[in-house]
Amino acid sequence: MNNVFNLKFDLPESQRLDKFLVDQFPDFSRSRLQTFIRGGMVSINGKPVIKGGINLEKGSEISITIPPIVESDLIPEQIPLEIVFENADLMIVNKPAGMVVHPAAGHLSGTLVHAALNYAPDLEGVGGEHRPGVVHRLDKDTSGLILMAKNDKAHRFLQDQFRKRSVNKTYYALTDGFPPTPTGRVEAPIGRDPSHRKKMAIVPISRGRESVTEYKVIEKFDQHALIAAYPHTGRTHQIRLHLAFLGCPIVGDRVYGHRKQLLDAGRQMLHAYQIEFILPGDSTPQIYQAPIPEDMNQLLIELRQK
């Protein structure tokens, strides 16, 4: 059964509708409330609206209809998870390479979401029906730390940090070749590859989005390097593209790497090693780490022996 809430806007200065609703319903994420607006479930002074950017004036009467939670058709699966940290609001998972984060075409089972729903059934519906708990993503073949929210309030709090770029992430990448300098910064816009719609590419800013990655060479070998990458933006395939742009693509990257691989790797050697962010209800950033996985570590051992 739908719940109908009638509200009155009494602030002296005008405010956007979506901002007002976020303040009134802190347990719902901004994206969920925007879905209600686009779905015609919100009216101002008796007239339905479909845009969250409308400014409210003092005395405006707002009505919002909140539908009941729709049960997800996702079936939890008993898949082991390595939990790095957990509390009532979130969990940090060390995702193995080869696991897709959420269901998509060609990956309708065996995802992190399926495993998380089995481990924490209350995730259902958090942040959206089809991606419950998902705050950010990692590529299928990228291993390492990923956050999952356990309630809408935490989901919104964490996504706000990502949007404000206050989450600090460190990735380790094993590369073919090495960058031109031991440390550096790449500022190269990223957008869809005009020739291959399933790929991303470095493009002019008019066709892409600002993308920034800093890097540092941790260890250098004859033809390879272990690099720490610090993304300041979160574009699709950003680190993979920026390292390829520098002339040192990631070992095992079948999309942006060398056609002839110098090392025998079963996947791209990219690992989300460290994340620093503020926990819901706290004010001091916390740091969490996941050790380099065995397959990547084994390649490093072989390179050191050479």
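The values are calculated or read from the model by the stated rules, or taken from the named source; none is laboratory data. Just so you know, these numbers come straight off a predicted model, no measurement behind them. Cβ: placed from backbone, ideal geometry, glycine included. Neighbour counts: every protein chain shown.
Could you say whether any residue in region 54-65 is over 30 Å from ASN6 (Cβ atoms) and surrounded by fewer than 17 Cβ atoms within 10 Å (Cβ to Cβ)? If you could, list the steps in order and put the result at the bottom.
First, pick out the residues of region 54-65 that are over 30 Å from ASN6 (Cβ atoms): none.
No, the conditions are met nowhere in region 54-65.
Return a yes/no flag: does region 287-301 have any residue that is more than 22 Å from GLY98 (Cβ to Cβ), in contact with a strand residue (DSSP E or B) (Cβ under 9 Å, 6 or more places away or on another chain) and not assigned by TED's automatic domain parsing to the domain that holds MET148.
Checking region 287-301: at least one residue is more than 22 Å from GLY98 (Cβ to Cβ), in contact with a strand residue (DSSP E or B) (Cβ under 9 Å, 6 or more places away or on another chain) and not assigned by TED's automatic domain parsing to the domain that holds MET148.
Checking THR213 against (1) exposed (fewer than 14 other Cβ atoms within 10 Å of the Cβ); (2) in a strand (DSSP E or B); (3) polar (S, T, N, Q): exactly one of these is not met. Which one?
Every listed condition holds for THR213 apart from (1).
Would you please name the residue that is farthest from ARG137 (Cα to Cα), looking only at residues in region 263-281 that are modelled with pLDDT under 95 and not assigned by TED's automatic domain parsing to the domain that holds CYS248?
By that ranking, first place goes to GLY281.
Kindly evaluate ILE287 against the criterion of being out of contact with any His (no Cβ under 8 Å at 6 or more places or on another chain), without any contact (Cβ under 8 Å) to a residue 60 or more places away in the chain, on the phi < 0 side of the Ramachandran plot and aliphatic (A, V, I, L, M).
yes
Where the second residue is of a type in the set (Gly, Ala, Ser) and buried (at least 18 other Cβ atoms within 10 Å of the Cβ) and the first is on the phi < 0 side of the Ramachandran plot and touching a residue at least 24 places away in the same chain (Cβ under 8 Å) and lies in region 95-116, which pairs have Cβ atoms under 6 Å and are six or more apart or on separate chains?
PRO96/SER143; ALA97/SER143; ALA116/GLY133
Among the residues of region 179-192, write down those that are surrounded by fewer than 20 Cβ atoms within 10 Å (Cβ to Cβ) and either not assigned by TED's automatic domain parsing to the domain that holds GLN268 or not in a strand (DSSP E or B) (or both).
PRO180, THR181, PRO182, ALA188, PRO189
Take PHE245 and decide whether it is aromatic (Phe, Trp, Tyr) and surrounded by fewer than 17 Cβ atoms within 10 Å (Cβ to Cβ).
So PHE245 does not fit the description; no.
Does ASP141 qualify as being in a helix (DSSP H, G or I) and of a type in the set (Asp, Glu)?
No: the conditions fail for ASP141.
Tell me the residue from ASP253, ASP264 that is loosely packed, with under 14 Cβ neighbours inside 10 Å, part of a loop (DSSP other than H, G, I, E, B) and of a type outside the set (A, V, I, L, M, F, W, C), please.
ASP264
Scan region 212-239 for residues that are of a type outside the set (Asp, Glu) and free of Cβ contacts under 8 Å to residues at least 60 places away in the same chain and report the count.
Going through region 212-239 one residue at a time, the tally reaches 15.
Being outside the structural domain of VAL135 (by TED's automatic domain parsing), closer than 22 Å to ASP89 by Cβ and loosely packed, with under 13 Cβ neighbours inside 10 Å, is that true of even one residue in region 26-46?
Yes: region 26-46 contains one or more residues that are outside the structural domain of VAL135 (by TED's automatic domain parsing), closer than 22 Å to ASP89 by Cβ and loosely packed, with under 13 Cβ neighbours inside 10 Å.
Condition test on GLY234, is it under 16 Å from the mean Cα position of the chain (by Cα) and at pLDDT below 95?
Yes.
Being over 14 Å from the mean Cα position of the chain (by Cα) and either in a loop (DSSP other than H, G, I, E, B) or surrounded by fewer than 21 Cβ atoms within 10 Å (Cβ to Cβ) (or both) narrows it down to one of SER166, SER195, so name that one.
Step by step, each of SER166, SER195 is checked, and only SER195 is over 14 Å from the mean Cα position of the chain (by Cα) and either in a loop (DSSP other than H, G, I, E, B) or surrounded by fewer than 21 Cβ atoms within 10 Å (Cβ to Cβ) (or both).
When region 198-210 is examined, which residues are found to be assigned to a strand (DSSP E or B) and either in contact (Cβ under 8 Å) with a residue 60 or more places away in the chain or more than 18 Å from the chain's Cα centre (by Cα) (or both)?
Those that are assigned to a strand (DSSP E or B) and either in contact (Cβ under 8 Å) with a residue 60 or more places away in the chain or more than 18 Å from the chain's Cα centre (by Cα) (or both): ALA201, ILE202.
Suppose we filter region 39-64 for residues that are under 16 Å from LYS19 (Cβ atoms) and either out of contact with any helix residue (DSSP H, G or I) (no Cβ under 9 Å at 6 or more places or on another chain) or among the small types (Gly, Ala, Ser) (or both); how many remain?
Matching residues across region 39-64 total 5.
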